[in-house]
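Right, one structure below, let's go through it.
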Amino acid sequence: MNWSHWVYLGVGLALGVSVSGLFARREASSSSSTVSSVDEQQATSALLQQIKQTQLAYFMAREISQFKAGFLARTTHVLRSPLNGLIGLHQLILSNLCENPEEEREFIAQAHERALKLLKLIDEILSVARIEHGTNKLNIQPLKLAELLQEVHNLTYMLAENRNFPFQLIAPDPEIYIFADPFWLRQVLVNLVETSIGLMEEGSICISAKVSQTSDCVHIWLDVPTDAAPQSEPIDFITSQEKMLEADGKKDIFMPGMKLLLNQTLLEVMAGKLEIVPFPTTEGQADDVRRLQISIPRVIPEAEFPLEEN
(Lines give C-alpha, C1' and ligand atoms only; values in the text may rest on other atoms or scores of the structure.)
Protein backbone atom coordinates (compact mmCIF):
# COMPACT_ATOMS: atom_id res chain seq x y z
CA MET A 1 0.00 0.00 0.00
CA ASN A 2 1.57 3.31 -1.10
CA TRP A 3 1.30 6.61 0.63
CA SER A 4 -1.79 7.76 -1.35
CA HIS A 5 -3.80 4.83 -0.01
CA TRP A 6 -2.90 5.88 3.51
CA VAL A 7 -4.12 9.41 2.72
CA TYR A 8 -7.46 8.14 1.39
CA LEU A 9 -7.88 5.87 4.43
CA GLY A 10 -7.19 8.74 6.81
CA VAL A 11 -9.66 11.01 5.02
CA GLY A 12 -12.33 8.30 5.15
CA LEU A 13 -11.85 7.71 8.84
CA ALA A 14 -12.05 11.45 9.51
CA LEU A 15 -15.27 11.75 7.52
CA GLY A 16 -16.74 8.73 9.35
CA VAL A 17 -15.93 10.17 12.76
CA SER A 18 -17.38 13.54 11.78
CA VAL A 19 -20.64 12.03 10.46
CA SER A 20 -21.09 9.79 13.52
CA GLY A 21 -20.46 12.78 15.80
CA LEU A 22 -23.06 14.81 13.92
CA PHE A 23 -25.70 12.07 14.31
CA ALA A 24 -24.82 11.69 17.97
CA ARG A 25 -25.29 15.42 18.55
CA ARG A 26 -28.65 15.35 16.75
CA GLU A 27 -29.85 12.42 18.86
CA ALA A 28 -28.67 14.13 22.05
CA SER A 29 -30.38 17.35 20.99
CA SER A 30 -33.61 15.47 20.22
CA SER A 31 -33.49 13.63 23.56
CA SER A 32 -32.74 16.85 25.41
CA SER A 33 -35.64 18.54 23.64
CA THR A 34 -38.01 15.71 24.65
CA VAL A 35 -36.87 15.85 28.29
CA SER A 36 -37.19 19.61 28.27
CA SER A 37 -40.73 19.37 26.89
CA VAL A 38 -41.75 16.88 29.60
CA ASP A 39 -40.21 19.09 32.29
CA GLU A 40 -42.08 22.12 30.96
CA GLN A 41 -45.39 20.23 31.02
CA GLN A 42 -44.81 19.09 34.60
CA ALA A 43 -43.81 22.58 35.66
CA THR A 44 -46.89 24.06 33.99
CA SER A 45 -49.18 21.52 35.68
CA ALA A 46 -47.61 22.18 39.08
CA LEU A 47 -47.90 25.93 38.54
CA LEU A 48 -51.59 25.70 37.61
CA GLN A 49 -52.25 23.57 40.70
CA GLN A 50 -50.45 26.09 42.88
CA ILE A 51 -52.39 28.97 41.34
CA LYS A 52 -55.67 27.17 42.00
CA GLN A 53 -54.70 26.51 45.60
CA THR A 54 -53.64 30.13 46.06
CA GLN A 55 -56.96 31.33 44.66
CA LEU A 56 -58.90 29.10 47.06
CA ALA A 57 -56.76 30.21 49.99
CA TYR A 58 -57.35 33.85 49.04
CA PHE A 59 -61.09 33.19 48.77
CA MET A 60 -61.13 31.63 52.24
CA ALA A 61 -59.07 34.44 53.76
CA ARG A 62 -61.32 37.06 52.17
CA GLU A 63 -64.45 35.30 53.41
CA ILE A 64 -63.13 35.14 56.98
CA SER A 65 -61.96 38.75 56.84
CA GLN A 66 -65.28 40.03 55.53
CA PHE A 67 -67.18 37.97 58.05
CA LYS A 68 -65.17 39.23 61.00
CA ALA A 69 -65.78 42.78 59.78
CA GLY A 70 -69.54 42.20 60.09
CA PHE A 71 -69.39 40.11 63.26
CA LEU A 72 -71.44 42.55 65.34
CA ALA A 73 -74.18 42.77 62.67
CA ARG A 74 -74.41 39.01 62.42
CA THR A 75 -74.40 38.48 66.17
CA THR A 76 -77.21 40.97 66.72
CA HIS A 77 -79.19 39.35 63.89
CA VAL A 78 -78.82 35.87 65.37
CA LEU A 79 -80.00 37.11 68.78
CA ARG A 80 -82.71 39.42 67.46
CA SER A 81 -84.77 36.72 65.76
CA PRO A 82 -85.71 34.65 68.83
CA LEU A 83 -85.96 37.84 70.90
CA ASN A 84 -88.55 39.32 68.52
CA GLY A 85 -90.54 36.10 68.70
CA LEU A 86 -90.39 36.21 72.48
CA ILE A 87 -91.62 39.82 72.58
CA GLY A 88 -94.43 39.03 70.13
CA LEU A 89 -95.76 36.19 72.24
CA HIS A 90 -95.68 38.35 75.38
CA GLN A 91 -97.59 41.12 73.57
CA LEU A 92 -100.33 38.66 72.61
CA ILE A 93 -100.66 37.57 76.22
CA LEU A 94 -100.55 41.09 77.69
CA SER A 95 -103.11 42.35 75.16
CA ASN A 96 -105.59 39.66 76.24
CA LEU A 97 -105.74 38.26 72.71
CA CYS A 98 -105.77 34.65 73.87
CA GLU A 99 -109.09 32.90 73.33
CA ASN A 100 -108.86 30.76 76.45
CA PRO A 101 -106.48 29.90 79.30
CA GLU A 102 -105.19 26.87 77.35
CA GLU A 103 -104.05 29.06 74.44
CA GLU A 104 -102.47 31.53 76.87
CA ARG A 105 -100.58 28.67 78.51
CA GLU A 106 -99.42 27.48 75.07
CA PHE A 107 -98.09 30.96 74.26
CA ILE A 108 -96.24 31.05 77.58
CA ALA A 109 -94.69 27.67 76.80
CA GLN A 110 -93.57 28.92 73.36
CA ALA A 111 -92.11 32.07 74.92
CA HIS A 112 -90.22 29.95 77.44
CA GLU A 113 -88.84 27.78 74.64
CA ARG A 114 -87.62 30.82 72.72
CA ALA A 115 -86.06 32.27 75.87
CA LEU A 116 -84.08 29.05 76.40
CA LYS A 117 -83.00 29.09 72.75
CA LEU A 118 -81.85 32.67 73.07
CA LEU A 119 -79.89 31.81 76.20
CA LYS A 120 -78.26 28.88 74.40
CA LEU A 121 -77.17 31.11 71.51
CA ILE A 122 -75.71 33.69 73.90
CA ASP A 123 -73.88 31.00 75.88
CA GLU A 124 -72.33 29.51 72.74
CA ILE A 125 -71.08 32.88 71.51
CA LEU A 126 -69.72 33.77 74.95
CA SER A 127 -67.99 30.40 75.29
CA VAL A 128 -66.08 30.88 72.04
CA ALA A 129 -65.27 34.50 72.93
CA ARG A 130 -63.92 33.48 76.35
CA ILE A 131 -61.82 30.73 74.81
CA GLU A 132 -60.37 33.14 72.26
CA HIS A 133 -59.64 35.70 74.98
CA GLY A 134 -58.04 33.08 77.22
CA THR A 135 -60.56 33.31 80.06
CA ASN A 136 -61.63 29.71 79.50
CA LYS A 137 -58.72 27.32 79.06
CA LEU A 138 -58.87 24.44 76.60
CA ASN A 139 -58.08 20.90 77.67
CA ILE A 140 -55.37 20.28 75.07
CA GLN A 141 -54.22 16.66 75.12
CA PRO A 142 -53.09 13.84 72.80
CA LEU A 143 -56.03 12.27 70.97
CA LYS A 144 -56.27 9.19 68.80
CA LEU A 145 -57.55 10.60 65.50
CA ALA A 146 -59.31 7.43 64.34
CA GLU A 147 -61.46 7.28 67.50
CA LEU A 148 -62.37 10.97 67.26
CA LEU A 149 -63.48 10.70 63.62
CA GLN A 150 -65.51 7.59 64.43
CA GLU A 151 -67.31 9.51 67.17
CA VAL A 152 -68.09 12.33 64.72
CA HIS A 153 -69.40 9.82 62.19
CA ASN A 154 -71.58 8.12 64.82
CA LEU A 155 -73.06 11.48 65.84
CA THR A 156 -73.89 12.65 62.30
CA TYR A 157 -74.41 9.67 59.99
CA MET A 158 -78.14 9.36 60.79
CA LEU A 159 -78.69 12.95 59.67
CA ALA A 160 -77.19 12.10 56.27
CA GLU A 161 -78.96 8.75 56.09
CA ASN A 162 -82.36 10.32 56.77
CA ARG A 163 -81.83 12.52 53.68
CA ASN A 164 -80.44 9.67 51.56
CA PHE A 165 -76.95 11.18 51.29
CA PRO A 166 -74.09 8.65 51.23
CA PHE A 167 -71.73 9.40 54.11
CA GLN A 168 -68.33 7.69 54.06
CA LEU A 169 -65.64 7.64 56.73
CA ILE A 170 -62.20 6.58 55.53
CA ALA A 171 -60.55 5.56 58.79
CA PRO A 172 -57.00 6.89 59.21
CA ASP A 173 -54.04 5.00 60.61
CA PRO A 174 -54.97 4.07 64.22
CA GLU A 175 -51.51 5.14 65.36
CA ILE A 176 -52.01 8.78 64.33
CA TYR A 177 -52.36 11.11 67.33
CA ILE A 178 -53.23 14.79 67.35
CA PHE A 179 -52.93 17.53 69.95
CA ALA A 180 -56.28 19.24 70.60
CA ASP A 181 -59.22 19.70 72.93
CA PRO A 182 -61.44 16.61 72.45
CA PHE A 183 -64.75 18.36 73.18
CA TRP A 184 -64.25 21.43 71.04
CA LEU A 185 -62.58 19.71 68.09
CA ARG A 186 -65.40 17.17 68.00
CA GLN A 187 -67.85 20.07 68.17
CA VAL A 188 -66.16 21.83 65.24
CA LEU A 189 -66.26 18.70 63.08
CA VAL A 190 -69.88 17.96 63.95
CA ASN A 191 -70.84 21.58 63.15
CA LEU A 192 -69.12 21.43 59.75
CA VAL A 193 -70.73 18.10 58.86
CA GLU A 194 -74.22 19.13 60.01
CA THR A 195 -74.00 22.48 58.21
CA SER A 196 -72.86 20.81 54.99
CA ILE A 197 -75.63 18.21 55.15
CA GLY A 198 -78.17 20.96 55.81
CA LEU A 199 -77.06 22.81 52.66
CA MET A 200 -76.84 19.72 50.43
CA GLU A 201 -79.39 19.00 47.73
CA GLU A 202 -77.65 15.96 46.28
CA GLY A 203 -74.27 14.24 46.28
CA SER A 204 -72.27 12.57 49.02
CA ILE A 205 -70.01 13.49 51.92
CA CYS A 206 -66.71 11.94 52.96
CA ILE A 207 -64.35 12.35 55.92
CA SER A 208 -60.71 11.29 55.68
CA ALA A 209 -57.34 12.30 57.10
CA LYS A 210 -53.66 12.22 56.23
CA VAL A 211 -50.41 13.22 57.85
CA SER A 212 -48.91 16.30 56.19
CA GLN A 213 -45.68 15.75 54.25
CA THR A 214 -44.53 19.35 54.63
CA SER A 215 -45.40 20.23 58.23
CA ASP A 216 -45.82 18.57 61.62
CA CYS A 217 -49.60 18.41 61.48
CA VAL A 218 -52.49 16.21 60.38
CA HIS A 219 -54.98 17.21 57.70
CA ILE A 220 -58.61 16.23 58.28
CA TRP A 221 -60.52 16.42 55.00
CA LEU A 222 -64.24 16.97 54.61
CA ASP A 223 -65.28 16.50 50.96
CA VAL A 224 -68.73 17.88 50.16
CA PRO A 225 -70.59 19.15 47.08
CA THR A 226 -69.53 22.64 46.07
CA ASP A 227 -72.91 24.19 46.87
CA ALA A 228 -72.86 22.63 50.37
CA ALA A 229 -69.55 24.07 51.55
CA PRO A 230 -70.15 26.47 54.45
CA GLN A 231 -69.34 30.06 53.59
CA SER A 232 -70.15 33.46 54.98
CA GLU A 233 -73.15 35.44 53.83
CA PRO A 234 -73.08 39.11 52.86
CA ILE A 235 -74.73 41.41 55.37
CA ASP A 236 -77.32 42.28 52.71
CA PHE A 237 -78.29 38.61 52.57
CA ILE A 238 -78.85 38.57 56.32
CA THR A 239 -81.16 41.58 56.06
CA SER A 240 -83.18 40.00 53.24
CA GLN A 241 -83.60 36.73 55.19
CA GLU A 242 -84.58 38.32 58.50
CA LYS A 243 -88.34 38.22 57.97
CA MET A 244 -88.23 34.63 56.74
CA LEU A 245 -86.28 33.51 59.80
CA GLU A 246 -88.56 35.34 62.20
CA ALA A 247 -91.62 33.76 60.62
CA ASP A 248 -90.58 30.32 61.79
CA GLY A 249 -89.19 30.00 65.30
CA LYS A 250 -87.68 26.61 64.48
CA LYS A 251 -85.16 28.29 62.18
CA ASP A 252 -83.64 30.39 64.94
CA ILE A 253 -80.21 28.81 64.55
CA PHE A 254 -76.77 30.03 63.59
CA MET A 255 -76.45 30.78 59.92
CA PRO A 256 -73.64 28.96 58.03
CA GLY A 257 -71.39 32.02 58.05
CA MET A 258 -71.74 32.43 61.81
CA LYS A 259 -70.81 28.79 62.36
CA LEU A 260 -67.87 29.20 59.98
CA LEU A 261 -66.42 32.04 62.03
CA LEU A 262 -66.93 30.28 65.37
CA ASN A 263 -65.30 27.10 64.06
CA GLN A 264 -62.38 29.03 62.59
CA THR A 265 -61.86 30.85 65.90
CA LEU A 266 -61.82 27.62 67.90
CA LEU A 267 -59.34 25.98 65.53
CA GLU A 268 -57.00 28.96 65.69
CA VAL A 269 -56.95 28.74 69.50
CA MET A 270 -55.94 25.06 69.14
CA ALA A 271 -53.08 26.08 66.80
CA GLY A 272 -55.05 24.76 63.85
CA LYS A 273 -56.71 26.29 60.85
CA LEU A 274 -59.58 25.79 58.43
CA GLU A 275 -58.94 26.09 54.69
CA ILE A 276 -60.50 25.37 51.33
CA VAL A 277 -58.01 23.39 49.23
CA PRO A 278 -58.21 21.92 45.71
CA PHE A 279 -59.97 18.58 45.51
CA PRO A 280 -57.81 16.09 43.58
CA THR A 281 -59.77 15.40 40.40
CA THR A 282 -58.86 13.15 37.49
CA GLU A 283 -59.11 14.18 33.85
CA GLY A 284 -62.71 14.27 32.68
CA GLN A 285 -64.11 14.31 36.22
CA ALA A 286 -66.56 17.07 37.10
CA ASP A 287 -65.20 19.69 39.46
CA ASP A 288 -68.25 19.72 41.72
CA VAL A 289 -66.64 18.77 45.03
CA ARG A 290 -65.09 21.14 47.53
CA ARG A 291 -62.59 20.05 50.16
CA LEU A 292 -62.54 21.62 53.60
CA GLN A 293 -59.16 21.01 55.23
CA ILE A 294 -58.72 21.17 58.99
CA SER A 295 -55.08 21.22 60.06
CA ILE A 296 -54.30 20.10 63.61
CA PRO A 297 -50.87 19.65 65.25
CA ARG A 298 -49.62 16.08 65.30
CA VAL A 299 -48.09 14.50 68.39
CA ILE A 300 -46.27 11.22 69.09
CA PRO A 301 -47.27 10.19 72.64
CA GLU A 302 -44.45 7.64 72.98
CA ALA A 303 -41.88 10.37 72.47
CA GLU A 304 -43.59 13.33 74.10
CA PHE A 305 -45.22 11.59 77.07
CA PRO A 306 -43.19 8.47 77.93
CA LEU A 307 -44.65 8.28 81.47
CA GLU A 308 -48.22 7.71 80.23
CA GLU A 309 -47.40 4.14 79.20
CA ASN A 310 -46.37 3.09 82.73
Query raised in the report: Does Gln110 satisfy the condition of being open to solvent by 60 Å² or more (accessible area, probe 1.4 Å) and touching a residue at least 24 places away in the same chain (Cβ under 8 Å)?
Result: yes
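Conditions tested, residue by residue: (1) loosely packed, with under 12 Cβ neighbours inside 10 Å; (2) closer than 29 Å to Ala115 by Cβ; (3) modelled with pLDDT under 70.
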| position | (1), (2), (3) |
| --- | --- |
| Leu48 | yes, no, no |
| Ile51 | yes, no, no |
| Gln55 | no, no, no |
| Glu63 | no, no, yes |
| Gln66 | no, no, yes |
| Gly70 | no, yes, yes |
| Thr75 | no, yes, no |
| Leu83 | no, yes, no |
| Gln91 | yes, yes, no |
Query raised in the report: Looking at the stretch 93-107, which of its residues are free of Cβ contacts under 8 Å to residues at least 12 places away in the same chain and either open to solvent by 70 Å² or more (accessible area, probe 1.4 Å) or not charged (D, E, K, R) (or both)?
Result: Leu94, Ser95, Asn96, Leu97, Cys98, Glu99, Asn100, Pro101, Glu102, Glu104, Arg105, Glu106
Requested in this report: Could you tell me whether any residue of the stretch 248-266 is over 21 Å from Ile122 (Cα atoms), over 13 Å from the mean Cα position of the chain (by Cα) and either open to solvent by 60 Å² or more (accessible area, probe 1.4 Å) or at pLDDT below 85 (or both)?
Outcome: no
Query raised in the report: In the set Glu151, Glu132, which member is among the charged types (D, E, K, R), at pLDDT 90 or above and out of contact with any strand residue (DSSP E or B) (no Cβ under 8 Å at 6 or more places or on another chain)?
Result: Glu151
Query raised in the report: Can you name every residue in the stretch 115-130 that is among the small types (Gly, Ala, Ser) and within 22 Å of Ile296 (Cβ to Cβ)?
Result: Ser127, Ala129
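The values are calculated or read from the model by the stated rules, or taken from the named source; none is laboratory data. For clarity, every value in this text was computed on a predicted model and none was experimentally measured. Cβ: placed from backbone, ideal geometry, glycine included. Neighbour counts: every protein chain shown. For the accessible areas, the whole protein counts, side chains as well, though only heavy atoms, and no ligand, DNA or RNA atoms are used. Shrake-Rupley method; radii C 1.70, N 1.55, O 1.52, S 1.80 Å.
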